[in-house]
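Here the structure comes first, spelled out in structure tokens, and everything after it is commentary.
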């Protein structure tokens, strides 16, 4: 039984390494159009499917502050941030929270959503095009958008509930929690 387990571990590790190498080659071989990601600029629009097959469009969320976070199911810092985002999303009616995964298997993401009790949309960026347009280089990577669809701020690395609450207060968005 130990040999079989070791073979599976080796297969999984080899798959991850091959996937990472292919991802790096893909990332640097794809020419993305230049996008202005400065504060106050229009956020790049996207439409992605969630783990249940429902399409979510950034444009349909106009009128709400939107917290777009690029994450991965294998990332420990992302898992910590998910708990903060889940608590935050249940406190705020005028805010939309979107969790975007990049190139991960739908079944893996679906299991992650269930095991972590995530109730906000978890979107699948299968091609990585949305992450590329937002110039994501590491996860977690949070983009905060104003209700008019412009960029309010960008945070690389994990955020906590206190920071999320302070952001929405600083933005001046009238919410159910303030």
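The values are calculated or read from the model by the stated rules, or taken from the named source; none is laboratory data. All of these numbers come straight from a predicted model, not from anything done at the bench. Cβ atoms come from the backbone with ideal geometry, glycine included; neighbour counts cover every protein chain shown.
Quick check: is even one residue across region 76-88 in a loop (DSSP other than H, G, I, E, B) and farther than 15 Å from residue 47 by Cα?
No, every residue in region 76-88 fails to be in a loop (DSSP other than H, G, I, E, B) and farther than 15 Å from residue 47 by Cα.
Out of all the residues in region 158-169, is one or more touching a helix residue (DSSP H, G or I) at 6+ places or on another chain (Cβ under 9 Å), surrounded by fewer than 19 Cβ atoms within 10 Å (Cβ to Cβ), assigned by TED's automatic domain parsing to the domain that holds residue 69 and more than 16 Å from residue 91 (Cα to Cα)?
no
How many of the residues making up region 39-71 are crowded, with 16+ Cβ neighbours inside 10 Å and under 16 Å from the mean Cα position of the chain (by Cα)?
16
Only one residue in 113, 108 is in the same structural domain as residue 165 (by TED's automatic domain parsing) and without any contact (Cβ under 8 Å) to a residue 40 or more places away in the chain. Which one?
Step by step, each of 113, 108 is checked, and only 108 is in the same structural domain as residue 165 (by TED's automatic domain parsing) and without any contact (Cβ under 8 Å) to a residue 40 or more places away in the chain.
Restricting the search to region 72-105, which residues are more than 14 Å from the chain's Cα centre (by Cα) and touching a residue at least 40 places away in the same chain (Cβ under 8 Å)?
87, 88, 91, 92, 93, 94, 95, listed by residue number.
For residue 137, state whether it is assigned by TED's automatic domain parsing to the domain that holds residue 53 and in contact (Cβ under 8 Å) with a residue 60 or more places away in the chain.
In short, no.
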